[in-house]
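Notes to accompany the following structure.
Each value in this text was obtained by applying a stated rule to the coordinates, not by laboratory testing. Fair warning: this is a prediction, and the values are worked out from it, not measured in the lab. No Cβ is skipped: glycine too gets one built from the backbone with ideal geometry, and neighbour counts run over all protein chains shown.
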Amino acid sequence: MIRRIVGWFVLVPLCAVLVVFALANRQLVVVNFNPFAPVDALTSPAVGVPLFLVIFAVLLVGVLLGGIATWFAQGPHRRDERHFKRETERLHRELEVARRSPELPAPLGAEQFAQSN
């Protein structure tokens, strides 16, 4: 419940700021990925895109690339986690088999340990 309330207190103002940002940056800009394009071709207002869309698109690409990089960086940790999970399951199976099997003779030295305690 508290998490939800805090989420609302953070998300609502953040959304309001993004809307105000978008309204303040409505002017059209030319997006060009060719640095060798002639300047005359860039001045046509018909091919403009609102500045806030360009900024939001760049932010989205950055978040996606960061998420992908993090996913690859955590690969060894996920692999270790799978290994330890398999090992734990194997040990639990061995323990269950040992508990269900008839009493086996105690290991050497177990009687002395039991008598000392």
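Using a Förster radius of 30 Å, what is the FRET efficiency between F84 and V6 based on their Cβ-Cβ separation? Nearest 0.05, please.
Values: r = 34 Å, r/R0 = 1.12.
Computed FRET efficiency for F84 and V6 comes out at 0.35.
A dipole drawn for the stretch 50-93 from +1 and -1 charges on Cβ atoms has a positive end, and of G75, G62, H92 the residue lying farthest that way is H92. Quick check on the stretch 1-91: take the gyration tensor over C-alpha atoms, sort the square-rooted eigenvalues as a ≥ b ≥ c, and tell me if it's rounded (a/c under 1.5), prolate or oblate. It comes out oblate by the Cα gyration axes.
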